[in-house]
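Take a look at the structure set out below.
The values are calculated or read from the model by the stated rules, or taken from the named source; none is laboratory data. Nothing here was measured: the structure is a model prediction, and the numbers come from that model. Heads up, the Cβs are rebuilt from the backbone with ideal geometry, glycines too, and the neighbour counts pull from every protein chain shown.
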Amino acid sequence: MSPSKLFSDHDRDGVVSELELESLLLDERLGERDVGTSSHIRSNFRRTKRARNWGRKLRMPVARKSIGVSICPTAGRQNCTRRGLRYLIFMLAVAAGTYVGLFIFTVLPWLPPDPFDDAFAHFRHHSDPISVDSPYYPTHFIQSVLPVPCHSHNDYWRRTPLYAALGSGCISVEADVWLFENDQREPELFVGHTTSTLSDNATLRTMYIDPLVNIIERMNAPSTIAGPSAISHGVFYQDPGQALTLLIDFKTDGVNTFAQVQEQLVPLRDRGWLTTWNGTARTHGLVTIVATGNAPFDLLTANRTYRDIFYDAPLDALEDASDREPQPGDPHGFSPYGFKYNPSNSHLASAPFIRALGVNKVTFSAPHIWGPALSEAQALIIRQQISNARARGLVPRYWGTPRWPRALRDRVWEVLYDEGIGLLNVDDLRAARKGHWGSR
C-alpha cells in the first residue's frame, strides 16, 4: 500500500498522525519481504507497533476516528483534563463534606467536657471506686440538688457514672449489661455499650448496686443527736421520697441475664428498698428496677404474687386509651389493669423518637433550626402516645431525640416537656441542669 493510497482512503476522516503512518509503512515493508525473512524481525516490528499504540491510548481519546483508532488532539486533551479535574474536585468536596458532617453530628455534641462531671472525677481513682466513707464523699456536691424528671441515657459513659446523674438531679439512670464469665469463671454482668468497651472493673454490681447501697445507707444513717429516722430517705436530700429508676438494658440472652440480675439485686431487695408488686397492689420503694432490650416479658410476669423487676413497655405500640374496659371498683369506670402493660408488670413506656414519629433523621422535618421543631401532626402523635402511657399508669419516655443543633434539641425538649413527658432522655447533663426549655 502506497502513502498516496493511504491518504486517499482516509482523508475524509481527518489527517493521519505521523505515528499511524509510520506503523502502516512498517506493515507494508514487512509484506514485501521474502517469505524467508526471520520471524523474530516481524515480531520486533509488531512489538514496536503495539508499544506505540499503547502510548497513544494513554492520551485521553476524543470522539474522532482515524483508521479505526480514536485519538485525542491537543485541544481535546485540555478539555479532558479540565473535565477530570472538575470531577476530582467535586469528589473531594463530597468526601470533605461527609467527614465534616459526621464530625458535627457525632463528636461535636459531646464537646467540651462537662466541668460538673469532672468535679466528681477528682474523687475517683483508677484502682479504687468512690467510697461514701470518705470525708470528701460527693454528696457534698449534691445536698442541695432538686430532682427533675430526666433520664441519664447511657449513664455508664460518663466519667463518674451515677454520681454525675444524681448531681444533675436525674431521677433515672441507664446501664447496658452483658452476661459473661469473669476471671474466676463465674457469671458476671459487665456494663458497656458494646463488647469492645467492657472491662473487668465495670460491672453492674460495682457501678450501680454497691454505690446505691452505700448512698442510701449513708442517707439513712442514725443521727448522733436525734437517733434513727422513722422515714426512709432516698438518694436526694431535698426530696427523700423520690425514687430512683435503674433501667437495665439486657444485651445478651434474656433468660440467663434475667436470672443474674435477680441475683445481683439481693442487697437492695433484702433491705426492702425496691418497688414491688405483691399480686394485688404496688408498693413504691426507693429504687425501681426496669428491664428493657432483650428482657423477656413473659418471664418478668411469670410470678403473679411478687415482682420487683418491671418492664419497659413499647410506647409507640400501645393501643388507643379509648379501648379500655370498665373495671369493677374503679370510681371512673376504668382501670389501667385492663391493659397488657400496666403498673403490675411495667413502669416505663419507651420508644425511639424517630420511629415513633416517622420524621426525617437529619432535619426532623424542621423548616430550619430556629422554627418549629415539630409539625402539628407530629405534636399530636406525641400527645396521643403520652396519653396512652398515662392511662396505663406508666411513665412515657422517648430516646434518640436530637442532640444537635442545640436550638433544635431544646425545642424538641420543650415540646416533650409541655406535652407531659414522664422522663426527658438526656445525653448532655449540663443542658438538663440549665432547664428553661418548657413553658410551664
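Having 2 or more residues that are crowded, with 21+ Cβ neighbours inside 10 Å and over 18 Å from the mean Cα position of the chain (by Cα) is the bar; report the strands (runs of 3 or more DSSP E) wholly within region 148-229 that clear it.
Details: elements: 148-152, 170-181, 187-191.
Per the criteria, 170-181, 187-191.
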Practice task
With respect to GLN242, determine if the residue is closer than 26 Å to ARG307 by Cβ, touching a residue at least 24 places away in the same chain (Cβ under 8 Å), part of a loop (DSSP other than H, G, I, E, B) and out of contact with any helix residue (DSSP H, G or I) (no Cβ under 7 Å at 6 or more places or on another chain).
Solution key: yes
Practice task
Check LEU380, LEU416 and return the single one that is hydrophobic (A, V, I, L, M, F, W, C), at pLDDT 80 or above, within 29 Å of THR276 (Cα to Cα) and assigned to a helix (DSSP H, G or I).
Solution key: LEU416
